[in-house]
Amino acid sequence: MSIAKENPKKSPGHTADDFFMVRNTLIIGLGMIGGSLAKALKENGFSRTVVGFDRSQQAVELGVQMGVIDRGCQDIKSAVTEADLIILAVPVKATAKVLAMLKPYLNAETIVSDVGSTKGSVIAAAVEVFGTVPANFIPAHPIAGSEKSGVQSANSQLFVKHKVIITPHSLASQQATQMIARMWQSTGAEILQMDVKKHDEVLAATSHLPHLLAFSLVDSLAQESESLDIFRYAAGGFRDFTRIAASDPTMWSDVCGANKHAVLQQIEIFSKGLNRLKQAIEADDEQSIKGIFIRARAAREHFGKMLTGTAYAADSQQKNISFFIEPNSVLKGQIKVPGDKSISHRAIIFAALGDGISEINGFLNSEDSMATVQALRDMGVVIEGPHRGQLKVYGVGKDGLCPPSGDLCLGNSGTSMRLLTGLLAAQKFSTVLSGDHSLSSRPMERIAEPLRKMGAEISTSENGGAPIHIKGGQTLQGIDYVMPIASAQVKSSIMLAALYAQGSSSITQPANTRNHTEVLMRTLGIDIEVTDKTVTIQPCGQLPSFTLAIPGDLSSAAFFIVGATICIGSNVVLKGIGVNPTRMGVIHILKLMGAQIVLQNHREINGEAVADIQVEYSTLQGIKIPRQYVSTAIDEFPVIFVAASCALGITKINGLSELRHKESDRIKVMVEGLRALGINIKEQNDGVIIEGGQLQGGIVDSKGDHRTAMAFAIAGLIARGPIEISNCSPVATSFPEFVENSAKAGLRIRKEEANVSS
Ligand code: S3P
């Protein structure tokens with residue numbers, strides 16, 4: 001077969017063939033898919049000629065008339081011999097027959113593929129005809145189509161932005177696989193590879209079952225005596241649901257035969273689900289009915305977001321958002337910050353484990369906290385919301401979580417992964433916790449190791465990160481654990497497991513870390529004792545439901561606290577912010593540097609200290625930051641580095657090695673970024689030395705870390721020139737409205753989505 005050079009440039013000496021990937025393509029079967037592919041390959045110049053073969057002479061003539069194909073196949077022998085590429089676009093059941101027709105004339109180099117929506121049967125057909133699957137036979141399946149059929153519906157744009165699954169077998173030629181991938185890419189499709197079995201299982205659930213349900217629903221209704229009336233009054237929902245019942249009956253009856261096993265399995269799963277709903281309706285069980293609907297709606301949203309790449313569960317770094325900050329801004333007025341991220345994770349976990357309905361207000365609706373929500377929904381918890389920060393959680397009880405049907409995808413969220421690992425280590429069922437690229441590279445042995453000591457069976461990946469595999473059904477024992485590093489996530493993970501253990505547990509930290517788990521556990525009546533740096537906790541029975549108000553997140557407020565401090569003329573108020581002493585490091589440090597921060601209207605809500613914070617500009621002085629504040633300001637160092645860059649003199653900070661294990665290596669990212677903005681900054685193993693100076697404009701990379709991105713944006717307040725910050729989409733993990741809220745307060749910020757080629 002002849003393949004022309006890739007991306008040939010027109011130049012003297014090239015022949016016409018150089019501009020095509022393939023000389024002759026033969027499409028067998030001129031239905032809607034075959035016709036659309038032929039038309040696309042002709043229009044985009046992938047193939048010099050496209051010849052069409054169909055049992056129906058009329059279809060061939062129409063294909064030529066409409067310009068879908070160059071010509072019809074007169075003689076199958078010469079058409080096959082001359083073809084470099086043959087695509088079978090026939091019902092899957094006809095595959096063996098068509099392959100047998102081609103076999104006598106096929107030359108060894110010709111690449112053959114198909115478009116069938118089942119792949120196991122296509123492979124079986126190839127084996128039946130050839131005795132084995134030929135290396136140049138590469139099955140594929142475009143997930144595009146419509147209820148329309150026939151060559152008259154051919155549309156060269158049909159595959160644009162649709163997925164095509166290629167299912168090469170173990171003996172498949174690399175070159176042929178690549179050629180088929182390129183062919184589909186040329187039509188604008190997105191290519192995926194999958195093994196045959198997986199393809200058939202996935203498609204049975206996502207495509208075959210919905211089609212069968214639509215056919216079956218319309219058929220059942222049509223048999224009812226008042227069917228005419230039913231159809232006459234059919235509303236939009238009926239039309240939407242049954243649109244695909246207009247699809248080609250032959251093709252779909254073929255699919256049922258070709259993917260019988262997987263289809264039957266899906267019908268079984270669906271029947272059980274429908275039966276559950278039926279029983280709930282019969283029993284007037286409103287909570288179960290609502291539960292099914294809420295779970296379904298949430299799952300649909302979740303999948304929808306995954307498909308558009310906007311979900312917490314999808315890799316948020318896929319979208320490349322950049323921030324642009326113009327100089328000469330001031331921050332003024334009241335600024336809204338979202339609910340506390342740490343408390344949001346804990347609140348939803350305990351609400352899920354409670355007996356009865358809990359209500360949470362001020363919940364952070366961000367990708368990280370929603371990752372925990374989705375994981376709990378995946379384990380059967382009914383959660384309504386968040387609507388304007390309000391969540392209603394139908395607790396399943398301490399032992400009521402159900403096995404999820406797949407991996408729990410936790411996106412970028414370290415807190416979700418570490419806290420849930422502790423909880424799931426104690427469940428009767430096994431789980432797998434996975435995360436995005438950044439989360440997968442973060443250390444997880446720090447939780448796996450103490451949990452194993454308690455009797456859990458946990459394995460992490462080769463580099464000690466996610467995915468985490470947890471084997472259910474283990475009996476956990478209490479533990480006396482001395483933590484080698486100060487980490488609230490590790491402490492909380494063990495505390496969650498300890499609730500299920502036999503005997504009491506004690507956890508000693510090297511330094512005090514945020515204590516939101518302790519505060520909430522105490523509020524819920526769990527037997528827990530805290531002395532200096534040690535938490536002692538007893539296993540518990542049932543957990544109560546509760547109502548909780550979550551304060552604003554001091555870690556999000558910190559950006560504006562620093563912003564107002566460094567920017568002349570600024571004066572801001574942040575209302576209802578959590579000022580738990582174990583989070584106050586940033587305030588202590590800034591005050592030591594000379595910041596004017598006033599906490600007003602102190603109150604306690606659900607055991608958490610809350611206040612309004614008022615900040616105005618003041619001159620900062622460089623200092624040596626006392627180590628005692630490191631663990632209580634752990635998330636705020638990126639923006640503290642910015643404050644130090646604006647201070648008079650030198651600021652020295654050590655004891656920050658944990659910063660290298662956050663969503664990025666925060667020491668490195670901040671050093672590189674601030675240096676690019678003109679600051680004299682020295683990187684040390686566990687800290688930095690920063691010489692205060694004048695921030696300049698420039699281009700910096702947040703390296704996909706929400707906190708470094710927001711810290712650089714704050715630097716833009718007083719930089720001499722504009723700052724461009726790349727990789728900012730993860731800001732949605734903790735502060736989805738950062739750009740809007742800070743722009744309202746006066747920061748001259750805008751975001752732009754860059755075009756990223758996948
Ligand atoms: C968190 C604890 C901190 C912090 C993270 C949230 C928590 O991590 O960095 O953003 O909610 O427990 P470590 O405790 O691992 O330092």
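Bear in mind that the values in this text are calculations on the coordinates, not laboratory data. Every value quoted in this text rests on a predicted model; they were computed, and no experiment measured them. Cβ: placed from backbone, ideal geometry, glycine included. Neighbour counts: every protein chain shown.
Within 10 Å, count the other beta carbons around each residue, average over each peptide in 570-576, 400-406, 35-41, and list them highest first. Working shown, then result.
Numbers: 570-576: 20.1, 400-406: 14.1, 35-41: 27.7.
My ranking of the peptides, most packed first, is 35-41, 570-576, 400-406.
Would you list the membrane-span-like helices of the chain, meaning whole DSSP H runs whose alpha-carbon atoms span at least 20 Å along their axis and whose mean Kyte-Doolittle value is at least -0.5? Show your work: numbers first, answer last.
On the way: long enough: 209-223 (21 Å, 1.08); 260-282 (32 Å, -0.27); 286-308 (33 Å, -0.31).
Qualifying helices, which must be both long enough and hydrophobic enough, are 209-223, 260-282, 286-308.
Shape class of the chain from the alpha-carbon gyration tensor: prolate, with a/c at 1.5 or above and a/b greater than b/c. Residues whose amide H comes within less than 5 Å of that of Gly411, counting only those at least five positions distant or on another chain, are Asp436 (H built at 1.01 Å from N in the peptide plane). Of all lysines in the structure, those lying under 27 Å Cα to Cα from Lys39, and not within fewer than 8 positions of it along the same chain, are Lys5, Lys9, Lys10, Lys77, Lys93, Lys97, Lys103, Lys119, Lys148, Lys161, Lys163.
Which of the three applies to region 664-740, rounded, prolate or oblate, going by the alpha-carbon gyration tensor with a ≥ b ≥ c and a/c under 1.5 meaning rounded? Oblate is the answer for region 664-740, as a/c is 1.5 or above yet b/c matches or exceeds a/b.
What's the lysine pair count for region 337-455 at a Cα cut-off below 23 Å, pairs eight or more apart or interchain? Working shown, then result.
On the way: Lys341/Lys392; Lys341/Lys398; Lys398/Lys428; Lys398/Lys453; Lys428/Lys453.
So the count works out to 5.
Among the trypsin sites (Lys or Arg not before Pro) within region 373-445, those in coil by DSSP and having at most 12 neighbouring Cβ atoms inside 10 Å are Arg388, Lys428.
Under the shape rule built on the C-alpha gyration tensor, where the axes satisfy a ≥ b ≥ c, region 574-703 is prolate, since a/c reaches at least 1.5 and a/b is greater than b/c.
By DSSP, the beta bridges lying fully in the chain are antiparallel in about 60 percent of cases. Using C-alpha pairs below 8 Å separated by at least 6 residues, the relative contact order for region 380-466 is 24 percent. Averaging sequence separations of C-alpha pairs under 8 Å and six or more residues apart, then dividing by the length of the chain, give the relative contact order as a whole percent. Dividing the mean separation by the residue count of the chain yields 10 percent.
For a quick check of your reading of the filter: which chymotrypsin sites (Phe, Trp or Tyr not before Pro) in region 418-509 sit in a DSSP loop and have no more than 14 other Cβ atoms within 10 Å? Working shown, then result.
On the way: sites: Phe429, Tyr481, Tyr500; in loops: Phe429, Tyr500.
Taking region 418-509 and a limit of 14 other Cβ atoms within 10 Å, the loop chymotrypsin sites (Phe, Trp or Tyr not before Pro) found are Phe429.
Contact order, relative form, for region 140-232: 25 percent (alpha carbon pairs under 8 Å, 6 or more residues apart, mean separation divided by residue count).
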